[in-house]
Every structure is written in C-alpha cells, then in structure tokens.
Amino acid sequence: MYLPYSLLQTVLIPLIMASFTAFVGRKVGKKAGWITFSTLAYTTIVLCMVGVEVLRKGYVYEEYVWIPILEVKFGFLADGLSLPVALAMNVTCAALALFSVNYIEHRIEIIYGHGEEKNFLYAIYHSLFLVFPAGLVWISLTTDLIVVYLALELIHIPLYIIMYYFGYVERRRIALMSFLWGTAGASVFFVGVLLAYTQTKSFAILSLQGLTGNPLAFWICLFMLIGILIKMAVFGFQAWLPWVHAEHPTCIAGILANIVGIGNYIIARILIQQMFKTFQMLSIPTMILALVTMVYGAFLTLAQDDVKRLYACSTISQTAYSLLGLASCTTLGIVGGIFWFISHAFGKCILFSLAGVLVYQLGIRDMKQMGGLAQKMPLTAVLCILGSMILSAVPPLSGFISKWILFSGVFLQGIQSGLFIFVVAMLSMIATAFTVVYTFWPVKRMFFGPIPSNLKNVKEAPLIMVGPLLALALISILIGIYPNLVMDFLVSWAENLKI
Amino acid sequence: MSLYFPAWFCWIIPFVGAPLIFLAEKINNRLRDGLAVSLPFLSMLMCLMLLPNLLTQNYFEEEFVWVSIPNLKPITIGVLVDPLSIIIANVVAFISFLIMVYSIKYMHGEEGVARYWFMMNLFIGGMLLLVLANNFIFFLAGWKTVGLCSYALIGHYYRDEPKDWIGGPPPTPYQTPSQCGLKAWIMTSVGDIFLLAGLILLYLYSGTVNFTELFQTQNLWMPTLTATPGMLTLISILLLCGPLGKSAQFPLHEWLPEAMAGPAPVSALIHAATMVKAGVYMVARFLPVFFYGYWVGGFNEALTFFILAAYIGGFTAFLTGTQAMVSLELKKALAYSTMSQIGYMMLGLGIAGLNPKALILGYVAGIFHLISHALFKASLFLCSGTVIHECKSIYMTDMGGIKKEMPITWFLMWISALSLAGFPFLSGFWSKDAVLASCLTAQNYWLFMLALGTAALTSFYSIRFMGLTFHGDKSNHLAKLEKEGEKLKEASPLMWIPYGILTTITILVGVTGPFFESFIHHIFESFLHETLHLPINGFNSEPTTHLLVPLASIGVFLLGGIPAYLLYIKRQISSEKILTSYTSLFKIKTFFWNRWYIDPLYNLVFVKTILKLRPYVEKFIEHPMDVAYNVGVPKLMSYLYFKIRKFQTGILPYNMLYILLFIIATIISLLVVWS
C-alpha cells in the first residue's frame, strides 16, 4: 500500500505538527512529547511503505510546484540511497522523542525549578524537536541543492534555541558557537552551490552531472566538500563538537550525531553520484584526512572523563570511518560508508542517550565518580554494551557487516592504487582497534567494580527512557542478522552508480 | 526437513534458547537451570548425528543467500560438514554439555546465574557456528561472539570484590575480574583486527568468502595475489594474528592467565577446552590453501604461514611452560599449561606444511592433541574448581594434604594431570608423541628438541601442582579454616561425575591410543590427500612408530617428573632452600614469575604510557585548536569591529566623502571589468 503524497508527508507533517505542538504544548505540557512521538511513528510507517515501493519499482519520485508563475518546483526522491538514510534518521528521532519526555522534564526542573508555569517550555522543546526529523528527512529526499542548503541551516535554528533554553552551564555561549559553526559549514557549502548554479543555471542535484569537464567543477566540489567536512567535524574543524555535545541537553545528542553524519549522505548523493570524476581527484587527501580524524578522534576520546564528551569525541572518529569508505571511491566503500553511517546512528543514539540516563539518574557526568552501576542499572549497562558493540563491529549487531563492507572497499582501493593507499587502508584498520578500547573501557569504569557509597541508592531509569533505546538496539540486531534490510536498497542504488 | 538440519540446529538451538533463560528464571530456578542445560544437550545430540558422516565420508555443504554485495556475488550463510568440523563440533558440544551439568552445582546460590547460563549458551552457539560455518564471515561472527562471551564470563564477578581477585600475593599486584575481562577482550580484539584485514584481503583477491571455493579456485587467484611481492606473506601474518590472540600464543598470549578470574567452569570450557582452540581450528581450516599454494602452486611466500605457526607454537609452548613451573595459583598454572599445550598443536599444524611427508602426521597430531587436551584439561579445571571452592583460596600454597578429604577428585585429577604430563599410555602421551614424531618426520630437529624440552617442563609442573594441592601437610590456611569449623569434603556427584566422565574418556583414548590415532589418521589422510588432493610425496602410511619418540618421551617425563616428585610429593628437598642456596636459580625463578617481563612491558607501553599521555592530547592539540577557533576568531572579529567602528563617526561630511569614494571605486571597477 502506498499513500498519496507520501514523501511530502514525511517532511510536511512534522513541520505542521511542530506548529500544532507549539500551541497545544502550552496546554498539555510534558505530554506534548507523545504528539511528537506519534507524528514520527506515523512518518516512520509512511517511509516503510515507501520502502516497499522502492524495492518494487526502484524509486519513488514526487514533484510539487511551489510558485507556479515562476515555475519554481521542488522534488522528493526516495531511492535505494535516500530511503534507508531517511528511515534511519526518522526512527532514531522517534526513539529520542520518547526518550525526551522524561529527560526534558528533568532539565526544565533543574534549570527553571518546580514551581513556575513551565508548559510553554515543553511546547518550545517538543515543537522544535520536530524540525530535526523534518530537516534530516528533507535533506535525504530532496532533489534540489538549494533545499539541502536550506535544510542544513534550518536544523541549526532548533538546535540553537533548544541548547539556549535547555542546555548545561555554558549553554548560551555554546549555542551561539554551534550556530556559527553550523552556519559557517552551510555557507561554504552554499558557495559551492552558487558556483554550480552559475554554470548549470539550475539548483537540481541532477544538473551537477553536466559539470563534467567544466574547469570550475573542481572548485564547486571542493567548496561543497569543505562545507560538509566542517559539519562532519573532521580533524581541523572538530573544535566545536565536544563543546556542543557537552552542553546541549542529552536527549538531542543522538540527533546531533545524525546532523554530523548526514554529511556522509550528502557526499554520496551529490559529490559521488553526480560529480564522481571530480570527487575522485579529492579522494586521496580525503582518505588521509579521514585516517587522521579516526586516529585523533580515538586519542581524544581516550582522554575524556566526562561521559558526554566521551561519546562526542568518539563521533569524530566514527564519522570518519564512513568518510574513509566514501573517499575510497569504490562501490563497496561507498555502500559500506553509508551502511556504517546508518549503523552508527543507532549506536550513537543509544550511547548518547545512555549518557543522558546517567545524568538523569545520577546527576553526574564524570566517570571517575562512577563505578559498579551494573548492580543498580542492569538494563542501562546492557544498553551501553550493545551500543559499544555496534561501534566496535561485534556481531550480531549491524556494525559487524557494515565494517566488513566498508573496509573491503577501502582495501580494494589500496590494492588498486599502490603502496601508499594500501598503507592508509592498513593504518585505518589498525586505528579501529582503538574503538574497542574507548568503548569498552568506559563500560568498565561506569558499570563494573565496587559502587561508590553515594550511588548506592541509584535506581534503573524508567522504561520510557530505556525502552526506545532497547528498540534501537533490537533494530540494529535485526539489521545485523539480516543485512539485506538495508543492503537490498543500497545495492539497487549502487548498481546504477556510474563509477 | 533438510538432511543437513543437525549442522544448522546445533548452533541455532543455543542462540535461540539463550534469551529464554531469563524468562524461565521468572518462573523458577529449576526451570532456568533445566533449560540452560537442555540446550547444550540438544546441541550435543545434533552433533552426534553428524558422526556417522565420518564413517560414510559423506561430507556436505549447504548455504543460503545472506547479504547482497554490489558488483560481487552475494555473501551466503552456510554450514560445512567435513571431518574437521565434525570432530571439533563434537568435542565442543560434548564437553560443553558436561561442563554445563557441573555448573548446576558450582553456580548454585551465586548471583547472576541466569546471566551466566545465557552467556554460556551464547558461547556454545558461537563456538559451533565458528566450527561449522562454510565461509569466513560467519566463521568471524562466531569468533567474535565467543570472544564477547569470554569477556563477559571472565568478568562474571563484575563487582570486583576482593574474594574474586586474582594475582598477588603482594608485591605482585592483584587484578579484578572486570579488569581481566577487559584485558582479554582488548588483547584478542587486537588480533581480530589484523585477522579481519587478512580475511578482507583474501576476499578481495579470491572474490569469495567460502572456504571450499577459496581452496578450489586458488589456481585462479593465487597468481594475481602473488604478483604483488610480499602480499601473501602479509596475509599469512595478518591471518595468524587472529589465532595468536584467540589461542593465547606469543606475542598476544598475556591475557589468558588473567582470564582465570572467571568461574572455574568458564575456565574449563572457554579458556581450556574450546575457545582457545578456535585458533588451532582456524590454522587447520586454512592449512590446505597455503599448503597447496606452496607445494603445488610453487608460491614461496605461502610457506610463511607454516613457519610462523610452527615456530611461534614451539616457542610459546616453552615460554609458558616455564611460567607454569613457578605459578602459585592453581588455575593460573593450568592456564599457562593450556597456552603451552596449544603451542604444541600449533607446532603440529605448522610442521604439517613444512614438509609434505609430515602433512598428515602433523595435521593429525595437532587435531589429536586438541581432542586429548580438551578432555584432560577440562577435567583438570573442573577438579581445580572443586578444590578452590573447598579450600577457599586460589593459591596452591594454601592447600596441601587434602587427598583424604577429596579422594575422588584427587584420583581423577591425578589421571588427568598424568595425561597432561605425558605419562605412558594415557591420551596425552600419544598425542604429544604424535607432535614429536611429526617434527622428526619433517626433519626439523630444532623444533623437536624444543618440544621435547617443553615435555620435561610439562611433567615437572603437572606433578608440582598435584603435589602442592593434595600432598604434604595441610597449609596454615586450611588449619585455620578447620579451626573455624569449616570441613573439607568431597564434591557432590553432580560435580565429579562430569569430570569423572572426562577422565574416563582420557583413559579410554589412552588405552586405545594408537588405534584412535590411526582412525583419525585414516580420516584426514582420505580427506586431505584423496578429497583435497594435497600431495604427500609418497608418504602414505600409518602413523610412524619411531621408537625414539616414545623412549625420549618417557625419558623427559622422568626428567621433569622425578625432581617434582621429590620436591612436592615426597618433600624430601625444600624448593625454598634450593632457591635460597642458588641465587642464579632464584633469578631464573623470578624471571619466570614475572612472565619473562613481557606482561610488565605491555603494561608499561600500552597501559601506563597511554594513561600518562592521555591528558596531553587535550592539552597540546585540542585546547590550542579550541582557543584558536573559539576564542581567537571571536577576538579577531571584535578587534576588527573596534577598528572599523572608528570609520563610523556620524559626521555628515565624512559620510558624504565615503559615498563619493564608493561611487568612484564602483565606476573604476566597472570600467576595469568592461575593458
């Protein structure tokens, strides 16, 4: 069954419901979270139906006229690449919407106290929350460059406001920092978009294919890539990410990981699919940059004692895995890179939210003050191990097979391109050994050993918080056991890729 | 139903059943325990159903598409039933079942029993998957699964209470179970990363992940691979890193002694009988590919695989044998011994590829020793669990003189220990002889001497740990316990029957040793030579009956055994006095006690240094970048802002001037562009 206007609905309904929630939230307060969740549950179902259609027909395309006189149109394309990405974004956002219900209440109580009328704060949070999935899904489904840019900017508005209202100690400064970095990345990307427009006279992503042989193509590709790399917090542009993750309310941390990771999708959709020959020129430097980021991110993660910063720094390293795969410019690497990004989105949502669970239940973030929590919070401990297993590519979770495919592509490029790239591939594989250390060492620090006396009365988090995370872990297990849930899509897309 | 169902169900049953254990616990503990033990029982039945295939030589493979891969063949999920997988799967399933039975009593009343059963069942499923997988992705999935279970079970007592610590006594540091689990997981994962790289390279060159196809198509891919000099050597090294980690061989061996922090049945099943043999299994599984590559294809680099396996195996056997001689903890002595014995297996398999004459002998020796060791070492660990449980101490020096109280355990443990020591006509004697004989057949006398020397060490430490545990006078610790009203008693039948069965089979295999060896020799000869067509250079006979080998073997048994007997059973000489009198011996003992300083070195380089350098990444890289971007840029902006603001005077004539200047500049720009 395929609903009419399905793709439009997945973007428009969250935006409409955002306005609705803004009004209704003032009445229902905390319960507004359920409206957010229901909306995303609905769009998830719609996307699943679209998925069936994509598997049947190869793609689903919808085009709408925005300004008839000027013939301004915008299109949505669900194909083997965009559909799994959009679905992963939507599912993780839905899980986090549910997780947020209790968490944001806790933040509001801490920041604004118990007594005041706080319903408007719930309304702000839950309505703005819906802009994230709308933006992320729009980026995934759009066929227009300008929409990619606009959606990238759009996402940063709720990020700024949510952090400003609900973040931690330095929330106002960091909210601004986050907004400026986001805008900087989007702006550099926009320079590329404008340059492309001067050549193609179109904002359609597909029109970029006409740039083959154009002397400006390299610069267009470079600007777009740098813009995305700023957003992806690769080495050199990573200085904002640990701050932002440390200061925002943890219930949107997973979304921030998605915002960082969506850069991989943009690279695949725009630079690889449309401008492959040009992107290939940047392949080697990007691979090296990815390797440096993987190693540096790993060391930086090892240096952390703050559980929120820990997973923030690991995002730097993990996102670079996908970048490495994409930069290898092999079909296997590209597909593996996107698969890893999807898998990582689940893992990182679990781990970041788990940091939130700890903050919620313990009121502390410093791992030096933790220990033995598995006795009191067994479910949380299991979630932490499952999240770590995704990142460390342990079966039966989805990280296992995605890592295999990703590194097959990276090594393939190494074999084809000679010793230097082979060494890069080898070093990047060795760098993944750090993942086991920086994911499982914190498990020991937080959950094993004797429990400090001040934490003896700690209890397991409510089901509404751990339940959605368990669901994400189960989805990851499901994908790990039957990877074709994702791979059938990606393969159908990759087989038409002209590389 | 497919005829191949036992090969599927034997690993699917524990996987599917494991989560149900938590549900069963909600009903009652008996149901939980019953379910937990019935799953490996069913697995064992399934594996037994595969045994007739050994006799009929009906080997098969069945697979289904699992994941699509762009531009390449889809990866399948499948099972491979051949002599290697049938034998190992049966060893795993049988020993697993017995150990699970033992665990009922051992874990009774402990906390986290459901978690224990869950992880043990997951382990059994993972191990059987590893063994029966027909391709190396599922092999790797099983491999990682057992590693994860090992991590969880070593750290079973994750609360790290002092009673669960191992190591010591001071000044030697203690280690907590969670620390030990993490060490094992990280160290084996390092090996796994290299293994993954090796497997991916093989996949890319061969275009397949299927073991059979990999072998059958090597004429096609091996020339391409070897066209890049060093590539096959690199792949050999990378592939071997996995087994070196998993089977605790030098230089990735340092995790296994600490793995003894887990409950005794875990040590018996995972860290003695099965998981640590996964590396040996892997070498055996890949052996035909490299053997064919070198001896038929003529690709010289393929020999690296065998040279490394043989020499690392031989060296590890000796290295860890020396450490077992001085260990104070009973389970740790057994752990060192496990590494040493796995070294023998690696040596056997390595030798198999160094000379075609030794192919069958070496291969059979490796597998025979694997079976024999799995039986007696599982029994030894289960016995040690009983003893440690009763004596309430991990140190052998806290035991002594308990044979009267625990006669059954004493007897059964002696039989197993003697088998380990290579006492004539027990299973260990024949299987170790087979390894020694294969070295002689391959005319590798250095490795033969090394293996023979290690046999003397084995005999010494086996009799030593038996002497210290059961003989002589009772220790002060036991005397104190007795004063406190504690009474040592024999284990419950539910505990000793499993290790009684294992010991009985050890005796049976020992009594029928030459026939048993001949039987598996025949199976593998037919498989390797007739089915896989591996050349054996006309050497097509029954196992060699070199008289030199059993004689030398008995000689070294006595060489190591007699001093140990005098020191630790008769106690005619005091080992302490000897060490005090001879400082050089004391220095050697200290060297062995400190694990040849390899563990402290690893600790210094990989743990202490990283912990020390940890803050510097933040301090010297991240912080300066953070300051430059997030402080420097805003400061620069405000500086520019203040400078530029000076132009905004608010005085009309100045503003008019700026406008005029702007117009002039615009006209000039337009003229330049226009021209």
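Rank these by accessible area, largest first, 1.4 Å probe: A:V359, A:V295.
Values: A:V359 10, A:V295 45 Å².
Largest to smallest exposure gives the sequence A:V295, A:V359.
Normalising the average separation of contacting C-alpha pairs (under 8 angstrom, six or more residues apart) by the number of residues puts the relative contact order of the stretch B:1-154 at 29 percent.
Share of Cα-Cα pairs in the stretch B:602-674 beyond 20 Å, in percent? Please list the in-between numbers first.
On the way: 1750 of 2628 pairs.
It works out to 67 percent of all Cα pairs.
Tell me, what are the semi-axes, in whole angstrom and largest first, of the equivalent ellipsoid of the stretch A:149-210 as set by the roots of 5 times the Cα gyration tensor eigenvalues?
Values: eigenvalues 211, 20, 7 Å².
Ellipsoid semi-axes (Å, largest first): 33, 10, 6.
You can think of it this way: the chain between B:N58 and B:L23 has 8.6 nm of extra reach, that is 0.36 nm per residue less the Cα-Cα gap. Averaged over the residues of B:196-205, the number of partner chain Cβ atoms lying within 10 Å of the residue Cβ comes to 6. Spacing of the modelled spin labels on A:Q199 and B:F620, each 7 Å from Cα toward Cβ, amounts to 4.3 nm. In summary, the helical segments of chain A meeting the span-like criteria, namely a full DSSP H run, a Cα extent along the axis of 27 angstrom or more and a mean Kyte-Doolittle hydropathy of at least -1.0, are A:6-28, A:32-57, A:82-112, A:145-166, A:171-200, A:283-302, A:307-327, A:331-362, A:398-417.
For B:A479 and B:E576, the difference between the fully extended length at 0.36 nm per residue and the C-alpha to C-alpha distance is 32.8 nm. Placing unit charges on each Cβ (+1 for Lys and Arg, -1 for Asp and Glu) gives the stretch B:537-653 a dipole about its Cα centre, and among B:L601, B:S584, B:L567 the Cα reaching farthest toward its positive end belongs to B:L601. Taking amide hydrogens as placed 1.01 Å from N in the peptide plane, the amide H of A:K73 sits under 5 Å from those of A:W66, each at least 5 positions away in sequence or on another chain. Measuring only protein heavy atoms, the 1.4 Å probe finds A:D144 accessible over about 20 Å².
Computed over the stretch B:403-537, the P(r) tail beyond 27 angstrom holds 40 percent of alpha carbon pairs.
The alpha carbons of chain B give a radius of gyration and a Dmax of 30.5, 116 Å, in that order.
May I ask for the Kirkwood hydrodynamic radius of the protein assembly as shown, worked out over all distinct Cα pairs and given in angstroms to one decimal? Walk me through the intermediate numbers first.
Values: mean 1/r = 0.0313 Å⁻¹.
Radius from the Kirkwood sum: 31.9 Å.
Sorted from longest to shortest, the spans of the Cα atoms of the stretch A:41-180 along the three principal axes equal 55, 33, 24 Å.
For B:F60, the residues 5 or more places off, or on other chains, whose built amide H falls under 5 Å of its own are B:V81.
Under the simplified labelling scheme, the B:M449-B:N71 pair shows an inter-label distance of 5.5 nm, with each label point 7 Å from Cα along Cα→Cβ. For chain B, the membrane-span-like helices by this rule, meaning whole DSSP H stretches whose C-alpha atoms cover at least 27 Å of axis and whose Kyte-Doolittle mean is 0.5 or above, are B:29-48, B:83-106, B:113-132, B:177-206, B:303-324, B:330-354, B:359-391, B:445-470, B:652-674; this says nothing about an actual membrane.
Using R0 = 41 Å, the C-beta based FRET efficiency linking A:N484 and B:T504 works out to 0.25. Normalising by residue count, the stretch B:1-154 has a Cα convex hull of 120 Å³ per residue.
About the Cα centre of chain B, what is the dipole size in debye to 20, counting +1 per Lys and Arg Cβ and -1 per Asp and Glu Cβ, all else neutral? Intermediate results must be reported in sequence, preceding the final value.
Values: 41 positive and 35 negative charges, 377 e Å.
The calculated dipole for chain B is roughly 1800 debye.
Across all directions, the shadow cast by the convex hull of the stretch B:337-386 built on its C-alpha atoms averages 3.0 square nanometres.
For chain A, the Stokes-Einstein estimate of translational diffusion at 25 °C and a viscosity of 0.890 mPa s comes to 109 µm²/s, using the Kirkwood hydrodynamic radius over alpha-carbon pairs. Mind pulling up the Rg/Rh value for the stretch A:266-326? Radius of gyration and Kirkwood radius, both on Cα. Result: Rg/Rh = 1.12.
When you restrict to C-alpha pairs under 8 Å that are six or more residues apart and normalise by the size of chain B, the relative contact order lands at 11 percent. For the stretch B:280-425, the square roots of the Cα gyration tensor eigenvalues, ordered a ≥ b ≥ c, give a/c of at least 1.5 with a/b greater than b/c, which places it in the prolate category. Heavy-atom accessible area with a 1.4 Å probe sorts B:H529, A:H126, largest first, into B:H529, A:H126. Summarising the label geometry, the points placed 7 Å from Cα in the beta-carbon direction at B:I598 and B:L51 lie 3.7 nm from one another.
Per residue, the convex hull spanned by the alpha carbons of the stretch B:209-293 comes to 96 Å³. I need the shape label for the stretch B:515-640. Rule: rounded when a/c is under 1.5, else prolate if a/b > b/c, else oblate, with a, b, c from the alpha carbon gyration tensor. Judged from the Cα gyration tensor, the stretch B:515-640 comes out oblate (a/c at least 1.5, b/c at or above a/b).
At a threshold of 8 angstrom on Cα-Cα distance, excluding pairs fewer than six apart, so keeping six or more, what relative contact order does the stretch A:6-494 reach in percent? Could you put the intermediate results ahead of the total?
Values: 893 pairs, mean separation 75.8, N = 489.
Once normalised by length, the contact order is 15 percent.
Around the amide H of A:A204, modelled in the peptide plane, lie the amide H atoms of A:L145, all under 5 Å away and 5 or more residues distant in sequence or on another chain.
Dipole size of the stretch A:83-173 about its Cα centre, with +1 on Lys/Arg Cβ and -1 on Asp/Glu Cβ: approximately 160 debye, rounded to the nearest 20. Scattering from the stretch B:107-162 was approximated by placing one identical point on each alpha carbon and applying the Debye formula without solvent; log10 I(q)/I(0) at 0.20, 0.22, 0.25, 0.31 1/Å stands at -0.70, -0.78, -0.90, -1.15.
The values are calculated or read from the model by the stated rules, or taken from the named source; none is laboratory data. It should be emphasised that the depicted structure is a prediction, and the values quoted were computed from it without experimental measurement. Positions of Cβ are generated from backbone atoms using ideal geometry, with glycine treated the same way; all protein chains shown enter the neighbour counts. For the accessible areas, the whole protein counts, side chains as well, though only heavy atoms, and no ligand, DNA or RNA atoms are used. Shrake-Rupley method; radii C 1.70, N 1.55, O 1.52, S 1.80 Å.
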